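The structure appears below as structure tokens.
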Amino acid sequence: GDSVTQTEGLVTVTEGLPVKLNCTYQTTYLTIAFFWYVQYLNEAPQVLLRSSTDNKRTEHQGFHATLHKSSSSFHLQKSSAQLSDSALYYCALSYTGYQNFYFGKGTSLTVIP
Amino acid sequence: DTTVKQNPRYKLARVGKPVNLICSQTMNHDTMYWYQKKPNQAPKLLLFYYDKILNREADTFEKFQSSRPNNSFCSLYIGSAGLEYSAMYLCASSRRTGGGYAEQFFGPGTRLTVL
């Protein structure tokens, strides 16, 4: 069946260093869309990035991700982590034209001074 | 206003008692969802309303009910809470698109604890 995998449950990184959160997926659909959601403490999850185009880099708030259908991945990266980036990050798969989402378990990112 | 509101934010319930959670949005979205989130697990879709049509997941069909009296409001109802219902419940809404992807807007969640 369709699934999204986030391999790391917890990631700790030092401020100023790069960070990468992994997201891979399994699906038989061809027209897919991906989202990264970020949830800060006591707040609602909100969209950080979205993409449906293969091999196109998407950027927002210093984060970037590229959908690679060849490797079934949509990893989230940032070149220099900030303390304010500490949050829970979800990767989600959807199908264009449909409404259902498949979420990963989430990765809790902690940025330390 | 792109917010989805959920009430209450925290809910304490006794085993065997009913629970009713409320969600509202003012974005005129046609679809509203309910997810259950437990620690170290992915958010699990319980059901969603597209307009007035309710779609419930097969494995949670009998455990959760919902109503949508109007476009803005959607409730999640548990008839008899069990310990296994303790979780964060997330409400989301979206607008169906013709061929693009439908971004979901989430509320902050209601944390339900069943004792």
For the range B:23-39, state whether one or more residues are away from every other protein chain (no Cβ under 14 Å) and in a strand (DSSP E or B). no
Based on this model, can you work out whether B:Gln36 counts as within 30 Å of A:Thr7 (Cβ to Cβ), modelled with pLDDT of 95 or more and of a type in the set (S, T, N, Q)? yes
Those residues that are within 14 Å of another protein chain (Cβ to nearest Cβ) and either over 21 Å from A:Glu8 (Cβ atoms) or small (Gly, Ala, Ser) (or both), I need them from the range A:61-96; list them, please. A:Ala87, A:Ala92, A:Ser94, A:Tyr95, A:Thr96
Would you mind finding the one in B:Ala102, B:Ala87 that is at pLDDT below 95 and more than 10 Å from the chain's Cα centre (by Cα)? B:Ala102
For the range A:66-104: of the residues being of a type in the set (D, E, K, R) and surrounded by 19 or more Cβ atoms within 10 Å (Cβ to Cβ), which is farthest from B:Tyr49 (Cα to Cα)? A:Lys78
Looking at the range A:64-83, I want the residues that are among the charged types (D, E, K, R) and have a partner that is assigned to a helix (DSSP H, G or I) with Cβ atoms under 9 Å, at least 6 apart or on another chain. Which pairs are those? A:Lys78/A:Asp85
So, in the range A:1-27, how many residues would count as being more than 12 Å from the chain's Cα centre (by Cα), away from chain B (no Cβ under 13 Å) and not in a strand (DSSP E or B)? 5
Name the residues in the range B:17-50 that are farther than 20 Å from B:Ala81 by Cβ, among the β-branched types (Val, Ile, Thr) and crowded, with 17+ Cβ neighbours inside 10 Å, would you? B:Thr31
Which members of the range A:28-60 meet the condition of being of a type in the set (Ser, Thr, Tyr) and either under 21 Å from B:Tyr35 (Cα atoms) or not in a loop (DSSP other than H, G, I, E, B) (or both)? A:Tyr37, A:Tyr40, A:Ser51, A:Thr58
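The values are calculated or read from the model by the stated rules, or taken from the named source; none is laboratory data. Treat the numbers as computed from the prediction; the structure is a model and nothing was measured. Note that each Cβ is placed from the backbone with ideal geometry, even for glycine, and that neighbours are counted across all protein chains shown.
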